[in-house]
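Derivation of every value follows stated rules applied to the coordinates shown; laboratory data play no part. Being a predicted model, the structure only gives us computed values, none of them experimental. All Cβ positions, even for glycine, are placed from backbone atoms using ideal geometry, and neighbour counts span all protein chains on display.
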Amino acid sequence: MFDIAVLGGGPGGYVAAIRAAQLGAKVALVEQDDLGGTCLNRGCIPMKSYLHNGREYMEFLRYAKENGFSLQGNAMPPQSIFQIKNKTVDALRRSVTSLLKQRGIDVFHAKGELVSSQMLRLEDGTKIQAKDILLAVGSRVSEPPFRTAGRSCYWTSDDMFLQFEVPENIVIIGGGVIGVEMAQHFYHLGTKVSIIEYADRLLPMMDHDVSTGICEYLEGLGIAIKCGCAVQSIQQDMVVYQDNQCHKKEEAFKRVMICTGRVSNADGLPLDQLGIKHNRYFIKVDDQMHTSVEHIYAIGDANGRSMQAHSASAQGITAVENILGVGKPLDDRAVPQCVYTDLEVGCCGMTEEQARKQYPNCKTSIFPMQSNGKALVDGQVRGFVKIIADNKYQEILGMHIVAAKAAELIHTGVVAIMGEITADLLADCIFAHPTLSEAIGEASRGFNDGAIHHHK
Amino acid sequence: MRNEEGIIMAHDVILPKLGLTMTKATIFQWLKKVGDLVKQGDDLCEFETDKATSTVKSDFSGTLLKINCELGDEVPVFTALCSIGEAGETPLEKTVTLSGSNVPNHVKQAEAGKATKEYASRIIASPLAKKVAKANNINLSGIKPANGMRITKRDVETAYLAASTVKMASSTLQKPLDSQVPSGNRKVIAQKMTLSKQTIPHAYFKTEVNMQRLQEIREIVYQRTGIKCGYTALIARTLASVLMKYPELHAWYLDEQLHTFNGVNIGIAMDTAMGLVVPVISNVEITGLLSIESQIGIMKAKANARQLAVDDMQDGQITLSNLGMFAVDEFSAIINPPQTAILAIGRITQQAVVHQEEIHIAPIMRMVMSADHRVVDGARIGSFMTELKDMLEIPELLLI
C-alpha cells in the first residue's frame, strides 16, 4: 500500500512524487510513455532548444556572410539542431529518471487505469493501492475546429520533435504562445512564415501592449500576420479562411501547422463513473487541488487552471503537502507566462483589462527599452517594461515585459507581487547598472515623479 | 575590544558548539584560575557533553579576570565562560543562563516570558499590508495572519470588514436609516438584470405542455425509490437532451462572439437564505434523473446554510426558473448574461383540453422561453419548443 500514487510522470507528476518522498511518503509513479511528459519530450524543452540553437545557426550564417566566409559542405546543417535537441532531451530524461530512483520512488512504466479513489490498475493487471491518488495526466493537442484533408496534411507541435524539416514556406494557424514561437523557429531556418489568428490580435490572452509589441516585432522580421480570420478548411496545399471583413480567402502553402489549443487527457479516465466533477474533462479542483471525490487530487494541464509546466509543478507540491498535512492553499496570483521569441515576453499578474475590472482607477507605467543603456549595448532596443498598480496603495497588480531576456527579468515582478511589495518600494530598490533590470526600477518610478531616463 | 567610548574591554571566552546537535555541556575542570596569565591557544577548562569530552582553548592572550561558572554547572552553547583582559580591568557582569534543572523556576519563567514578548512585539507584515492598515487606522498587532507567518493585505481587509460590520450594526441600533442602499446579492442582481434588459433584445415564446406522462413517471420513481423527484429535475433532464441539438440556446454571447459548448450546464434558479441564486449542474445531458434531483437538493441546502460558493454558480450555459410552487401560471424571465436563453416554468393546473374533437381534463403547464434575438430567430426557437414539448409529453423519446 502506497501513501500516494501519482498517475502521470510529467513536470506535475514527477515533481509531486519527489516532494512527497522528501516528506517521507511511500510513492508510486505510473507513466505510460516517457518521463518528463509533454514539457520534456514534445514541449517546453525541445522547443526552447530549437529556438536557442536555431538562433545561433542563423547568427552563424549571417556572420559568415557579412565577413565573407564561404561555407564548405554542410558547416552547420540544420539537422544538427535536431541532434542537439535530442541529446538535451535524452540527458534531461535520464536526469529525471535518476532523481526519482535516488528518492526511492517506485516508477511503473505502463498505462494506468483509475479504478477507484484508492486504486490504480496497470495493463498487466498489477493493482496499485494508495491512500491518496494524484491525477497528473496532462493534455494533448486538440482536434482542429475545422475540416482538414486528413491528419497527414498538417503538422502539430507533436510532429516538430520527431523529425526535422526546413520547408520553403509555412502557414501557422493559431497565434498564441506556441504559434508565435513556431513562427520564430521557422524564421531562424529561413522559411517564409505567415500566421493566421482567429482573435483580433496575436497572444490574445496577454496584455494588449504585449500583443502589439510582438506583432510589430514579427512583422519587422517579414512574417505575415492575419488576425480576425476564421479558418474554414485545410486542403492538400491550401488554407481556406474568412478574413476580418468576412471575405473568403485562400492561402497556398508547402507546409501548414495547427496550433489551436490543447485538451485534457482526463477524458480517458472514468470521471463521471467515479463522480469526479469536471468541465469538458478539465477536472474541477479547489485551491488545495482536491477534486470532488475524497482521496483524489488533480494537477497540471488536466485541471485546466493554468496550462504551464511550472504551474503543474507548483500545484503538484501544493497537492502533496496538503495530502501529507503540511500544506496551504495555492497562491497563484503571480504565475509567470513567458514567450521565447528572440524578443522575449515575460508577464505575471493581471493584464490591464483584467485589472480595470477590479480596480477601475488603476494606473499603468511603461518604460521603453530604447531608453535603457544595456539594451543599447546589446543591440536589442525594442520592447518595454509595463507595470500596473492600483492608485490607492500602489499595489503591483501586473507586470508585462517585452525585451531580450524578459523571461528572466519577469521574476522581479513575481517576487514583488508575491511579497506584496508596492511600486514605491520597488522604485527604492537599487538596480545594477548597466542591466536590463534597471528598466523595472524606472517603470516603478513612473507612479510617483516619473522615470529618470525617459520623459513622456 | 573597545566599547563605544573607546575603552578597551575584556574578551569573553565562550563555550563553542562542537557539532550540529550539541546544545549544552557540563564544565568539569578548570585548568586556569583567576589571576593566571593566559596565552592564545592555552587550554582553559574541560567540559563534557553527552557525546564527548573536550577543552575550551583561549582565543586571546591576557590575564584570566573572571570565571562565570563553576564546576558541575551545565551551560548552553555560546555561554561566556570567563573573561580575559588586562590585569586590573573590571570585566562586565555576565549573567550565565544555566540550562536544565539548575535554573530556578522563577528565572526560567521570566526568561521565557521575555523571549515571547520580544518576539511577539515584532509584527511581520507585508509592505502592502502595512500601508492598508495605516490608511484605515487598523492596529496590526491584533491581526492573526491566515498563513501563520506574515500578515498580508487580505488579512488586513478581513479585519477591516469585521470591524466595520460591528460598527455598522451598532450604528443602526442608534438611529434608523432613512433610505436603504442595496448591498450584497440584491445589488448584484439589480446590476445584472439592468444590464440584461438594456443590452439583450429579448424575444418570448410560450407553449403549453401536457404533464400527464411526467406525473406518472414521478409516481413510479417514488414507488420504486421512495424519492419524490421534483419537476425541475425532470424538466432539466429533458431540456438538456433537446439542447444538445441547439447549441446556440445553451451558449454564451460575449464581445460579439458566440461561444458554444459540447455538454449542457444548466443553472437552476432558486430562492434561498442567500436570496436568488443560480447554482449550476454540469453536463446534465449525461446525468441521471436522481443525480440531478440530489444535486438540486444539495445546492439548495448549501445556499440556505449560506455556504454556496462562487464555484457552484460558474459555467452555467442556460437558466431554468421554476415558479410552479406558486400561483404563477406563466411568466417571462430575464436572460442571465452572458447566456442566450432562459426557460420559465409556471404551475401545473387541471385544464380542459381538446383531443381528437373531445374535451378531456389534463394537467397543463405553461413554459416561456426568453431568447436573445441577436443570436437566434423565431423559427429555430419554434423548432426547439416543439421538440421540448414533444419530449416532455412523450418521455419515451428520451430513449432514442
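For segment A:206-260, rounded, prolate or oblate, judged on the Cα gyration tensor with a ≥ b ≥ c (square roots of eigenvalues), a/c < 1.5 rounded, else prolate if a/b > b/c?
Prolate, since a/c reaches 1.5 and a/b exceeds b/c.
Counting pairwise Cα distances across segment A:175-229, what percent come out greater than 13 angstrom?
Roughly 53 percent, once rounded to a whole number.
With a sphere of radius 12 Å drawn around the Cβ of A:CYS259, what net charge do the other residues whose Cβ falls strictly inside it have (Lys, Arg +1; Asp, Glu -1)?
Combined, the nearby Lys, Arg, Asp and Glu give -3.
Give me the compactness ratio for segment A:125-275, meaning the Cα radius of gyration over 2.2 N^0.38 Å.
For segment A:125-275, the normalised Cα radius of gyration is 1.24.
Among DSSP bridges having both ends in the protein assembly as shown, what percentage is antiparallel? Round to the nearest 5.
That works out to approximately 70 percent antiparallel.
For segment B:219-287, what class follows from the C-alpha gyration tensor (a ≥ b ≥ c being the square roots of its eigenvalues): rounded when a/c is under 1.5, otherwise prolate if a/b is larger than b/c, else oblate?
oblate
Compute the projected area of the convex hull of the Cα atoms of segment A:343-418, averaged over all viewing directions, and report it in nm² to one decimal place.
Mean projected area of the Cα convex hull: 4.9 nm².
Any chance you could check the Cα centroid distance between segment B:251-298 and segment A:8-29 for me, in angstrom?
Taking the Cα centre of each part, segment B:251-298 and segment A:8-29 sit 36 Å apart.
Find the percent of Cα-Cα distances in the protein assembly as shown that exceed 36 Å, and round it to a whole number.
Pairs farther apart than 36 Å: 64 percent.
Based on the mean of other beta carbon atoms within 10 Å per residue, what is the order of A:338-350, A:50-62, most packed first?
A:338-350, A:50-62
Can you classify segment A:135-175 as rounded, prolate or oblate using the Cα gyration tensor, where a ≥ b ≥ c are the square roots of its eigenvalues, rounded means a/c under 1.5, and otherwise it's prolate if a/b beats b/c and oblate if not?
The shape class here is oblate.
Using per-residue counts of other Cβ atoms within 10 Å, averaged over each peptide, order A:148-158, A:111-121, A:187-197 from highest down.
A:187-197, A:111-121, A:148-158
Viscosity 1.567 mPa s, temperature 4 °C: Stokes-Einstein D of segment A:367-454 from its Kirkwood Cα radius, in µm² per second?
It diffuses with D of about 102 µm²/s by this estimate.
Report P(r) for segment A:1-124: all Cα-Cα distances, bin width 5 Å, range 0 to the bin holding the largest distance, values in whole percent.
That works out to 2, 10, 17, 16, 13, 10, 8, 7, 6, 5, 4, 2, 1, 0, in percent per bin.
Report the far tail of the P(r) of segment B:332-373, meaning the percent of Cα-Cα pairs longer than 18 Å.
Cα-Cα pairs in segment B:332-373 separated by more than 18 Å: 47 percent.
Find the all-direction average of the projected area of the Cα convex hull for segment B:178-276, expressing the result in square nanometres with one decimal place.
Answer in nm², one decimal: 10.5.
If we restrict to alpha carbons, what Rg and Dmax does segment A:120-189 come to, in Å?
Considering segment A:120-189 through its Cα atoms, Rg and Dmax are 18.4, 55 Å.
Taking only C-alpha pairs under 8 Å that are 6+ residues apart, what is the relative contact order of chain A in percent?
Relative contact order of chain A: 14 percent.
In Å, the Kirkwood hydrodynamic radius of segment B:324-393 over pairs of distinct alpha carbons?
Hydrodynamic radius (Kirkwood, Cα only) of segment B:324-393 equals 13.8 Å.
Please give the average number of partner chain Cβ atoms lying within 10 Å of the Cβ of each residue in A:417-427, rounded to a whole number.
For peptide A:417-427, the averaged partner shielding equals 3.
Would you mind checking A:LYS277/B:LYS389; B:LYS245/B:LYS300; A:LYS85/A:LYS192; A:LYS374/A:LYS405; A:LYS226/A:LYS248; A:LYS284/A:LYS357 for any pair whose Cα atoms are more than 20 angstrom apart?
Check vs 20 Å cut-off fails for A:LYS277/B:LYS389; B:LYS245/B:LYS300; A:LYS85/A:LYS192; A:LYS284/A:LYS357.
What is the Rg over Rh value, at two decimals, for segment B:216-351, using alpha-carbon atoms and the Kirkwood definition of Rh?
Taking Rg over the Kirkwood Rh, I get 0.96.
Looking at segment A:68-123, which chymotrypsin sites (Phe, Trp or Tyr not before Pro) are DSSP coil and have at most 12 other C-beta atoms within 10 Å of their C-beta?
A:PHE69
Using alpha carbon centroids, what distance separates segment A:396-456 and segment A:304-333, in Å?
27 Å
Inside 10 Å of the C-beta atoms of B:125-135, what's the mean count of C-beta atoms belonging to other chains?
5
Using just the C-alpha positions of segment A:264-408 as equal point scatterers, what log10 of I(q)/I(0) does the Debye formula give at each q in 0.09, 0.12 1/Å?
After summing over all Cα pairs, the log10 values are -0.41, -0.67.
If every alpha-carbon in segment A:163-202 counts as one equal scatterer, what log10 I(q)/I(0) does Debye give at q = 0.18, 0.23, 0.27, 0.31 1/Å?
Values, matching the q order: -0.45, -0.69, -0.88, -1.06.
To the nearest 0.05, what FRET efficiency results for B:GLU216 and B:ARG380 with a Förster distance of 25 Å applied to their C-beta separation?
In this case the efficiency is close to 0.20.
Could you give the spread of the C-alpha atoms of segment A:223-340 along their three principal axes, from largest to smallest, in whole angstroms?
58, 35, 26
Counting only Cα atoms, I'd like the Rg/Rh figure for chain A, Kirkwood definition for Rh.
With Rg and the Kirkwood Rh in hand, the quotient comes to 0.98.
At 222 nm, what value in deg cm²/dmol follows for the protein assembly as shown if DSSP H runs of at least 4 each add -39500 (n - 2.57) and the sum is divided by all its residues, to the nearest 500?
After summing the helix terms and dividing by residue count, I get -10000 deg cm²/dmol.
Calculate one ³J(HN,Hα) per residue across segment A:346-361 by plugging θ = phi - 60° into the Karplus curve 6.51 cos²θ - 1.76 cosθ + 1.60, and present them in order as whole Hz with x for glycine and proline.
Whole-Hz 3J(HN,Hα) from phi for segment A:346-361: x, 9, 8, x, 8, 6, 4, 4, 5, 5, 5, 5, 8, 10, x, 9.
Based on the mean of other Cβ atoms within 10 Å per residue, sort peptides B:60-71, B:133-144 so the most packed one is first.
Highest mean packing first, the order is B:60-71, B:133-144.
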